[in-house]
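Take a look at the structure below.
Every number here is computed from the coordinates shown, using simple stated rules; none is lab data. These figures come from a predicted structure and were not determined experimentally. Cβ sites come from the backbone with ideal geometry, for glycine too, and all protein chains shown count toward neighbours.
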Amino acid sequence: MTRRPSRADLCRMASALALAAALGSTAACGVTAQTGSVGGVSDMPPLPASATAPVVYPHDVHSYAAPQVARVKHVDLNLDADFAAKTLSGVATLDVTGEVGATTLILDVRDMDIRGVRNASGPLAFVLGASDPIMGQSLTITTPAFVAGQTQKIMVDYATRPEAAALQWLTPAQTSGGKQPFLFSQGQAILTRTWAPTQDSPGIRQTYSATITVPNTLKALMSAESLTPEGLPAGEGRHSYSFRMTNPVPPYLIALAVGDLAFEAEDGRTGVWTEPDRLDAAHTEFSEVGKMVDAAEGLYGPYAWGRYDLLILPPSFPFGGMENPRLTFATPTVVAGDKSLVSLVAHELAHSWSGNLVTNAVWADFWLNEGFTTYFQNRIMEAVYGNDRAQLERVLGWDSLQAQLRDLPADDTKLHLNLDGRDPDDGMTDIAYEKGANFLETIERIVGREKFDVWLKGYFERNAFRPMTSELFLEDIRAHLVTTAALESELQMDQWIYQPGLPSNAVAPTSDAFIPVDAAAQAFFVAHGPASAIPWSGWNTQQRQRFLQWRPANPTTDWLTPAQLAELSQTLNLATEGNAEIAFAWLQIAVAHRYEPAVPQLQTFLTSIGRRKFVMPLFTSLWAEGDWGRPIATRIYALARPGYHPVTVSSVDALVGRPAA
Ligand code: BES
Ligand code: ZN
């Protein structure tokens, strides 16, 4: 196993290269970095000019902050993790700039205990606003009047509550090692405010640093450079880890994980972190991550974050992946054993440009993060695994887009959403991902790949470390790519962004590899032929997914009997299927047919995986099966709920209700 280079190693390497002197970083080597310090050997490239150019803040309906009055520039967290109490407690020190004469700083908080606010001279007055179930509370602090060019340091003493929605505190039994507890955070979209008091709006970028104190048996990781990879003694069986993120990031990308964690390198700048007993499998699964980073850079320019590591979390992680900078958080369900689900890594990696460099300014423009990323993800897949593979995934994306276009209210099929008064999670549909990606594919097809790629690379450069809106996107593309009236009318860009559904120039992707799959599906699901005729063993995961996602046009006449479902399950070994995507697709069929023999498998699946994308559709399907499905849903949810992350819990609670204690 390759060890991650320690800070001392880095210092040795740096001085060998005479880098330390060049960077003026004599203080950083051999000395613990102090909070907020930005000296030292960093593997992150310098910031481009776009990072410091002035920003106009669009109004964010999901934040109380008034950044035009006073704005957080840097957050330092000094927190102690108490696994028994399920709290993080300590101090957030904020570097704040303000308009001359301003005396009010407004932060976002939710379900947090604020113990006091102060600056170096003493306590500051503060008031907590009324609590909104989605937005939480404003924390309004009265500061000394700002003077020109001044940065004030403001300290918030606080503790998180056990119910903080960003945090999941796992008992040892909920981990794969079974011996140590685990903690991880999920900030997107507006949950960072449940564990860090700051201005929680994606347009308000902040650098950050942190010192996290944890039991000696555990390691802490963040979406940042690790300054003390081995931990420093902190007394009473505890040690602490220091971090810094010198690139300004939107607060939803501040992320923390604490657990029994081990690392193995993939190449010089990539590697995998996970619990020790999962390390070998994860390391093998993601052996191509380095190639993906190279491919991404080849497409759209240098990777801006230094290292790119993966953290494979316990199965309760509520998402497939989360693009936390330098350290993508991912579900263990992508470790399929055959690299079939690695496009998730391509996706989270692509966010290192679309999302983490160029960031949606408000959640109504979530498509600017996810649509660009889905487009870029497919380009990485194409570069590393070839066009056939990428095309299979494009078609699966298009299929789920079609389903969502049928299900969603027309207003929610616009790329630019109206999320006023709503949870930003409402925008997390295939519209942002797949309509967004198809929009960019449409532009690419019409202008040609070469021109498109030059524009997209330039878009990332021009807008790096800046908030983006649909309007600014249109300004950029009209200035740099769409410069003729003929092209303007052919592209229908306003239609794509501001109107529901798909414009007339959308084209469905196709793949010949799905032709035999569709024929086999027709033969089994409609003509009711034998399952033995399905050429399952010759298919890859995407072909299998397509087969099991197939829905007959007439569900009444094409209802499968229990005998047919048993035959399907036995012939394809679905009861013991290890690929979570395939197992999920099968269980959807089973539930839709009220197929009783699959209920134990369903129970195992729902009590061992907390990924919302699987859990919610299955509970929704059960719920739709009324007298049959609802008692099953209620029974299984009572067993599963204690193991789910708050993000998944709140979604399922809204459907099934809270189980009686
Ligand atoms: N950033 C998203 C996850 C997210 C979105 C979390 C909105 C909270 C609010 C992440 O990049 C993502 O899209 N994950 C997908 C996987 C991807 C391959 C489509 C997921 O988790 O399923
Ligand atoms: Zn994404």
Beta bridges per DSSP with both ends in the range 155-311, % antiparallel, nearest 5: 90
Separation of the ILE446 and ASP653 label points, Cα + 7 Å toward Cβ, nm: 4.5
Prolate/oblate/rounded call for the range 273-375, Cα gyration tensor, a/c under 1.5 rounded: prolate
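Dipole size in debye (nearest 20) for the range 533-652 around its Cα centre, Lys and Arg Cβ +1, Asp and Glu Cβ -1?
Result for the range 533-652 is approximately 400 debye, rounded to the nearest 20.
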Shape category assigned to the chain from the gyration tensor of Cα positions, a/c cut at 1.5: prolate
Compactness index (Cα Rg / 2.2 N^0.38 Å), the range 231-318: 1.27
Relative contact order computed over the range 511-589 (Cα-Cα under 8 Å; 6+ residues apart), in percent: 32
Dipole magnitude (debye, nearest 20) for the chain, charges at Cβ of Lys, Arg, Asp, Glu: 1140
Rounded if a/c under 1.5, otherwise prolate or oblate - the range 232-273, Cα gyration tensor axes: oblate
For the range 122-183, the Rg and Dmax computed from alpha carbons only, in angstrom: 18.5, 55
Karplus-derived HN-Hα couplings along the range 543-555 (A = 6.51, B = -1.76, C = 1.60, θ = phi - 60°), whole Hz, x at Gly and Pro: 5, 5, 4, 4, 4, 7, 8, 5, 10, x, 4, 10, x
The range 368-447: Rg to Rh, with Rh as the Kirkwood radius over Cα pairs: 1.01
Lys/Arg +1, Asp/Glu -1 at C-beta; the range 559-661 dipole; positive extreme among SER650, ALA633, LEU622: SER650
Kirkwood-type radius of the range 569-661, with distances r between different C-alpha atoms, in Å: 13.2
Cα pair distances of the range 533-604 binned at 5 Å [whole percent]: 3, 15, 30, 28, 17, 6, 0
Tilt relative to the chain, helix 562-571 - C-alpha long axis, 0 to 90 degrees, to 10: 70
Leading residue at positive end of dipole, the range 107-232 (Cβ point charges), from PHE126, VAL109, SER226: SER226
Furthest towards positive pole of dipole, ALA166, THR557, VAL61, structure part the chain, Cβ charges: ALA166
Å³ per residue enclosed by the Cα convex hull of the range 66-187: 115
Entries of LYS219/LYS339; LYS73/LYS435; LYS179/LYS339; LYS435/LYS613; LYS339/LYS613; LYS73/LYS219 with Cα pairs more than 23 Å apart: LYS219/LYS339; LYS73/LYS435; LYS179/LYS339; LYS73/LYS219
Mean separation of Cα contacts under 8 Å (6+ apart) over length of the chain, as relative contact order %: 11
Relative contact order, percent, the range 433-542 [alpha-carbon distance under 8 Å, six or more residues apart]: 25
